[in-house]
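Colleague: Sending over a structure as structure tokens; questions will come in a sec.
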Amino acid sequence: MKTSVFLEKLQEELEEDETLTLETNLKQLESYDSISLLSVIAFVDENFDKKIDTKHFKDIETVSDLVNIIGKENFED
């Protein structure tokens, strides 16, 4: 998946007005809470066929951290 498409879809999934970048700190977004966390888990599973263990989420601060957990090989510029 193109990184730009991933960012757009993630923004929609989080129902975030602010445009997301790889540097966006997820924990600072108003829309980021336990419900949106479940949405992100489902989104990643649906789009990348990858299960994210919830214990990894304490280590995810930025969108880039999420990309690293999904695996950079799943993205293209």
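Since every read-out is calculated from the coordinates, none of them should be taken as a lab result. Remember, it's a predicted structure, so these values are computed and weren't measured experimentally. Reconstructed Cβ throughout: ideal geometry from the backbone, glycine too, with neighbour counts over all protein chains shown.
Colleague: Would you please name the residue that is nearest to Phe6 (Cα to Cα), looking only at residues in segment 23-37 that are surrounded by fewer than 14 Cβ atoms within 10 Å (Cβ to Cβ) and either touching a helix residue (DSSP H, G or I) at 6+ places or on another chain (Cβ under 9 Å) or small (Gly, Ala, Ser) (or both)?
Modeller: Glu23
Colleague: Let me ask you something else. Given the conditions (1) exposed (fewer than 15 other Cβ atoms within 10 Å of the Cβ); (2) within 10 Å of the chain's Cα centre (by Cα), report the number of the one that Ala42 does not fulfil.
Modeller: Tallying (1) exposed (fewer than 15 other Cβ atoms within 10 Å of the Cβ); (2) within 10 Å of the chain's Cα centre (by Cα), Ala42 fails exactly one: (2).
Colleague: Lys55 versus (1) under 22 Å from Asp77 (Cα atoms); (2) part of a helix (DSSP H, G or I); (3) out of contact with any Lys or Arg (no Cβ under 7 Å at 6 or more places or on another chain): which is the lone unmet condition?
Modeller: The failed condition is (1).
Colleague: Out of segment 51-77, which residues are in contact with a helix residue (DSSP H, G or I) (Cβ under 8 Å, 6 or more places away or on another chain) and within 17 Å of Lys2 (Cβ to Cβ)?
Modeller: Scanning segment 51-77 gives Val63, Leu66, Val67, Ile70, Gly71, Asn74, Phe75, Glu76, Asp77.
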